[in-house]
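Trainee: Supplied in structure tokens, the structure appears directly below.
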Amino acid sequence: MLTRLKGGRIVDPARGLDGVVADLYLRDGWIVAGPGQHERIDEDIDVSGRIVMAGAIDMHTHIGGGKVNIARNMLPEDHRGDPVHRTELCRSGCGHAAPSTLTTGYRYAAMGYTACFEPAMLPANARQAHLEMGDTPIIDKGAYAMLGSDDFLLRLMRDGADQERINDYVAWTIASTQALGLKVVNPGGISEFKFNGRRLDLDQENQHYHVTPRQIVHTLARALHELKVPHPLHVHASNLGVPGNFQTTLDTMVGAEGYPIHLTHIQFHSYGTEGDRRFSSEAARIAEAINRNPQITADVGQIMFGQTVTCSGDSMSQHRNAAYGSPRKSVTMDIECDAGCGVVPFRYKDKNFVNALQWAIGLEIFLLVEDPWRIFLTTDHPNGAPFTSYPHLIRLLMDKTFRRDALAQIHPDAAAMSTLASIEREYSLYEIAIMTRSAPARILGLHDCGHLGVGARADVVVYREDANPELMFTAPEYVFKNGTVVARNGVIVAVTWGDIHVVKPQFDRGIEKSLGAYFERYMTQRLGNFRIGDDEVRMLTNGGGLRVHACERHGSPA
Amino acid sequence: MSALTLTLRETLPGRLDLSPLLPALLSQALADLPKLVLRIDTQDVCLGDLFTLAGDDAQDLVLVGDLSRVDRIGAGLAGGTLRVDGHAGAYLGQGMTGGSLTVTGDVAAFAAAALRRGTITIGGNAGDYLGGALPGAMQGMAGGQVVVYGNAGARCGDRMRRGAILVAGSLGAYAGSRMLAGTVLALQGAGAHAGYGMRRGSLMVRGAVAVDATFADCGTHALPIVQLLFRSWRALGGEFAGLADQVRPVRRLVGDRAADGKGEILRFS
């Protein structure tokens, strides 16, 4: 089956194409150069004048795993308020802030997203996360395993284990949980919380293991580098949401000592203590540091006004935030020897000074980081806002008049403290394509996603250009997933099942000897039951496939 | 103009969800009403196939027939009047924000759930969770008034936050359970575990009521507020009319001390 998309304007930053008019050929789920000799074009779709991009990639979105399910359980009002009826094709679902798995897949695909990555898969919860991701239709999925507050690693570090042994443990964790990368959340801090600590600074020792967050970040960043895992360490830094935390964030960048790291939802980590309310924007300093350090990447974690729910592994910060929950309920829990999690429903208000400034800080970071290859468009779904707000966010980035009008609506003191009004920058379509396609594919090591070159998966989105980018990005004219048209003008027209993306770094099996004994002694399941094998994960993908990406060196330490 | 009257044609084969009715009356022409799609269990049906329509005043709505299998009657009512001549199903007046809703017969569970404002009058008996919280919600009824001339089922006023539920008959078990605030009155006693887990609020009971050990007996008082309340309910007629005729001292039991403990059960005769 050969399909030709005729005459579209190709925007494909991976190959430097910005609106070049060309035909695109899709055969059996892949992008190909053109028809072979005597080959017939089975289907011809005229997309002249339309913008053609690769399928979008959300590299940080909480779509599976224990905490999302807690959010679903905790928010019946979220479900009642947003029911989704079944259609001939789609099953029913519900949820605005924490949608059901099925609804999540349909909504992402209808918006032109074809791959989404769950950033915080606790190893103890990995099976649950894979079950949920497997139940999310159409889009490709993957997850980052979470380490850094787990007892085993902290014991290794306390006892001065050598880096090779830690590398083996990291690689074993990634392989056994079928992950694509590794995340650290409030390094050592979730563990500190279990010992009644309420704050852990970058150079403060965890009271039980006497290991500092700086050491943890450095050790894990180095491990991934040495294991050649493509995605650098995904870092949810210490002191999330605490005024003055920008210094911690800057120190964390330095603390990695040149090893590449990805700083996630950096908006929540860019706060100063200036002004009467002791809360201010340090976006400029953070952006300047990102601009200066080419080994650093970040996603923003933009907040949007309205109801949502915050789900995080950072039980320490969520315990602090629980008092601000709306509706006023929350869950903070300890999970095995691994870590913990906290779920707090939240309503961001534009007339609230702090929320308004958070909104402005996120946008400042977007606009002040110069290189769109190193800053990613996220709302940390659902923590900053549900992913359905992306088209609105894109309009805020692309249209400075719209942005200024929005700025005029927020708390006036927050607007006055922000430099947003003076920033002229407007993102181009090309830059939006970089930050939502090419760059995430590159940073995750996905060679066959995020571009439209020959050999890529036929994940293609066709947009009708509109003066209002929000309309354009809400309902693309065509969305192809693996060559099948899955959505047209925002309506799902076919339901397929996406793949799961993983890496398999090499390690010495000897690590399982001490891990086996450890599991016997401390964990609620045995090592053999804990591991998720290839056959099992294939089964869990509900008909999708398992895509293993190569572990290759991704640049040397600076 | 005359009252818009919907008369049920025949007995329903399953449970009908009538919640789309009021939004449709606001958004579309009356002539289109028979084409409104409703659901019986999992099947779509048109309103015109189930009801005959007469009259044209949507602010004065009347439903006629045995509507005991019709749920969410008057859900989201914001103004005007709605009368049901007969029985009604579950979730009557769910999330109502104004107006007045009257049922001549019995109603099933969750009547007046999440009521915000307005009045609901029930001529017969009410089911469980009268004025209660929707499943999983933090708060039940948060304003308005519910009057029942028959009895009410279990967990009347569950998680109630504000407003008044006045029952001429008796209450089932767990009356006022997990109440946050507001007033519940019963004139013919209440079942076991009255006030279970109540944090604040007043549960006023004439007649027998079994009180758990987590309530503290604070003695008998003649409270002016009680007389004022009784006087305000005189216009409701029936059993309510005679309450203010004499001073009625109340026995005040404070609890539930296993929860916040600032609520009260006021027993009187």
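Trainee: From B:Ala164, B:Ala168, B:Ala181, B:Ala173, grab the single residue that is touching a helix residue (DSSP H, G or I) at 6+ places or on another chain (Cβ under 6 Å) and small (Gly, Ala, Ser).
Mentor: Result: B:Ala168 is the single residue among B:Ala164, B:Ala168, B:Ala181, B:Ala173 that is touching a helix residue (DSSP H, G or I) at 6+ places or on another chain (Cβ under 6 Å) and small (Gly, Ala, Ser).
Trainee: Would you be able to say whether some residue in the range B:44-60 is surrounded by 16 or more Cβ atoms within 10 Å (Cβ to Cβ), outside any loop (DSSP other than H, G, I, E, B) and aromatic (Phe, Trp, Tyr)?
Mentor: Within the range B:44-60, one or more residues are surrounded by 16 or more Cβ atoms within 10 Å (Cβ to Cβ), outside any loop (DSSP other than H, G, I, E, B) and aromatic (Phe, Trp, Tyr).
Trainee: Could you tell me which numbered condition A:Gly241 fails, if it satisfies all but one of (1) in contact (Cβ under 8 Å) with a residue 60 or more places away in the chain; (2) assigned to a loop (DSSP other than H, G, I, E, B); (3) closer than 20 Å to A:Asn293 by Cα?
Mentor: (3)
Trainee: Additional query: What number of residues in the range B:130-170 are away from chain A (no Cβ under 14 Å) and either of a type outside the set (Val, Ile, Thr) or buried (at least 24 other Cβ atoms within 10 Å of the Cβ) (or both)? Lay out the reasoning, then the answer.
Mentor: Going through the range B:130-170, the residues away from chain A (no Cβ under 14 Å) turn out to be B:130-131, B:141, B:143-158, B:160, B:162-170.
Applying the additional criterion that residues be either of a type outside the set (Val, Ile, Thr) or buried (at least 24 other Cβ atoms within 10 Å of the Cβ) (or both) yields B:130-131, B:141, B:143-146, B:148-158, B:160, B:162-170.
Matching residues across the range B:130-170 total 28.
Trainee: Could you please find all residues in the range A:303-335 being out of contact with any Phe, Trp or Tyr (no Cβ under 8 Å at 6 or more places or on another chain) and surrounded by fewer than 24 Cβ atoms within 10 Å (Cβ to Cβ)?
Mentor: Listed by number, the residues that qualify are A:Arg320, A:Ala322, A:Ala323, A:Pro327, A:Arg328, A:Lys329, A:Ser330, A:Val331, A:Thr332, A:Met333, A:Asp334, A:Ile335.
Trainee: Continuing with the same structure: With (1) touching a strand residue (DSSP E or B) at 6+ places or on another chain (Cβ under 8 Å); (2) modelled with pLDDT under 95; (3) among the small types (Gly, Ala, Ser); (4) crowded, with 23+ Cβ neighbours inside 10 Å as the list, and A:Ala298 as the residue in question, which single condition is left unmet?
Mentor: (2)
Trainee: So, one more: Scan the range B:69-84 and tell me whether some residue there is of a type in the set (D, E, K, R), modelled with pLDDT of 95 or more and more than 24 Å from B:Arg116 (Cβ to Cβ).
Mentor: yes
Trainee: Let me ask something else about it. Test A:Leu363 against the stated conditions and say whether it is of a type in the set (A, V, I, L, M) and more than 19 Å from the chain's Cα centre (by Cα). Before you say what the answer is, go through the steps one by one.
Mentor: Numbers: of a type in the set (A, V, I, L, M): yes; more than 19 Å from the chain's Cα centre (by Cα): no.
No.
Trainee: Could I ask something else about it? I'm told B:Ala173 meets every condition in (1) surrounded by 20 or more Cβ atoms within 10 Å (Cβ to Cβ); (2) more than 14 Å from every other protein chain (Cβ to nearest Cβ) except one. Can you identify the failing condition by its number?
Mentor: Single failed check for B:Ala173: (1).
Trainee: Does B:Gly118 meet the test of being touching a residue at least 40 places away in the same chain (Cβ under 8 Å) and either in a loop (DSSP other than H, G, I, E, B) or charged (D, E, K, R) (or both)?
Mentor: In short, no.
Trainee: Determine which single condition B:Thr121 fails, assuming it passes every other condition in (1) surrounded by 20 or more Cβ atoms within 10 Å (Cβ to Cβ); (2) over 17 Å from B:Leu4 (Cα atoms); (3) not small (Gly, Ala, Ser).
Mentor: (1)
Trainee: On to the next question. Across the range A:47-75, which residue is farthest from the other protein chains (Cβ to nearest Cβ) among those that are farther than 30 Å from A:Asp12 by Cα and in contact with a helix residue (DSSP H, G or I) (Cβ under 6 Å, 6 or more places away or on another chain)?
Mentor: By that ranking, first place goes to A:Gly65.
Trainee: Find the residue count for the range A:87-104, including only residues that are of a type outside the set (A, V, I, L, M, F, W, C), over 11 Å from A:Arg72 (Cβ atoms) and in contact (Cβ under 8 Å) with a residue 60 or more places away in the chain.
Mentor: 2
Trainee: Name the single residue, out of those in the range A:308-327 being away from chain B (no Cβ under 14 Å) and assigned to a loop (DSSP other than H, G, I, E, B), that is nearest to the chain's Cα centre (by Cα).
Mentor: Applying the filter and picking the extreme gives A:Gly313.
Trainee: Also: Give the residues of the range A:76-127 that are crowded, with 24+ Cβ neighbours inside 10 Å, touching a Pro at 6+ places or on another chain (Cβ under 7 Å) and within 14 Å of chain B (Cβ to nearest Cβ), sorted by residue number.
Mentor: The answer is A:Ala98, and nothing else.
Trainee: Of (1) within 14 Å of chain A (Cβ to nearest Cβ); (2) over 25 Å from B:Asp212 (Cβ atoms), B:Asp106 satisfies all except one. Which?
Mentor: Only one criterion in (1) within 14 Å of chain A (Cβ to nearest Cβ); (2) over 25 Å from B:Asp212 (Cβ atoms) is unmet by B:Asp106, namely (1).
The values are calculated or read from the model by the stated rules, or taken from the named source; none is laboratory data. What you see is a predicted model; the values in this text were computed from it and never measured. Positions of Cβ are backbone-derived with ideal geometry, glycine not excepted, and every protein chain shown enters the neighbour counts.
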